[in-house]
Amino acid sequence: MTKKNTEANTSEDKNSKVQDETINQETTEKEQVVNEVIEPEVEELNNTDEDAEETPAAEEVVDQAVKLETEANEWKDKYLRLSAEFDNYRRRTLKEKMDLTKNAGESIFLKLLPVVDDFDRAMTSMKDAKDCDSILAGIDLINNKFKDFLKQQGLKEIESMHVEFDTDKHEALTKIPAPKKKLKGKVVDVIEKGYTLNDKVIRFSKVVVGE
């Protein structure tokens, strides 16, 4: 081989190496460009997949929130209705109590009116009557009728004369020496009668006690 051929081969080898390096460099630059373009898109796709996986959970939260809000509205509606019904009941009950208090004595007075009529007739007959015994009998009849009416209403007289003094039924106005030994500590006189209404003392008997 001649010197010229050797130099030519050497020149070709150098050119080949330069070309290879240029190709490698261009390839590297292209790979970098491709990576810069593709990698963000890949990451975006990955993020999209993650969001897609999280979407069902978010929907469940929304559904639960809507369900709770619906239940809260239902309870609120029930509360408002119940409150309105109770307010109406309270007003109606208050009105009934007021009416009952106002007209409580109506039935009693209706039953008492016949006794009042008897008293009126007795007073009229007393003006022209000459027989005192008949007048007394008539008044006694009215008195008994009136007492029977009181008993029907639950009103009873407290028996006090010659019974043991009882602070639950009697009010002692004074004490005097007992006329008899057996009357010590007992009621010897009744100044004012006492009464019970349905077994409850509504007025104590005012009495004098022997000692």
Open item on the list: Anything in the range 152-164 that is closer than 16 Å to Glu211 by Cα and open to solvent by 70 Å² or more (accessible area, probe 1.4 Å)? List them, or say none.
Closed with: Met161, His162, Glu164
- [ ] Determine which member of the set Asp168, Asp131, Asp63 is open to solvent by less than 90 Å² (accessible area, probe 1.4 Å) and charged (D, E, K, R).
- [x] Asp131
Open item on the list: Can you list residue pairs whose Cβ atoms sit under 8 Å apart, with the first residue in the range 147-167 being closer than 21 Å to Lys181 by Cα and the second being exposed (fewer than 13 other Cβ atoms within 10 Å of the Cβ)? Count only pairs 6 or more apart in sequence or on different chains.
Closed with: Glu164/Gly185; Phe165/Gly185
- [ ] Could you please find all residues in the range 60-118 being of a type in the set (Gly, Ala, Ser) and over 30 Å from Gln153 (Cβ atoms)?
- [x] Ala65, Ala72, Ser83, Ala84
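Look at Ile202 and say whether it is closer than 30 Å to Gly105 by Cα, surrounded by 15 or more Cβ atoms within 10 Å (Cβ to Cβ) and hydrophobic (A, V, I, L, M, F, W, C).
Values: closer than 30 Å to Gly105 by Cα: yes; surrounded by 15 or more Cβ atoms within 10 Å (Cβ to Cβ): no; hydrophobic (A, V, I, L, M, F, W, C): yes.
Answer is no for this residue.
The values are calculated or read from the model by the stated rules, or taken from the named source; none is laboratory data. None of the values given here were measured: they were computed from a predicted structure. Heads up, the Cβs are rebuilt from the backbone with ideal geometry, glycines too, and the neighbour counts pull from every protein chain shown. Side chains are part of the model used for accessible areas, which takes the heavy atoms of the whole protein and leaves out ligands, DNA and RNA. Shrake-Rupley method; radii C 1.70, N 1.55, O 1.52, S 1.80 Å.
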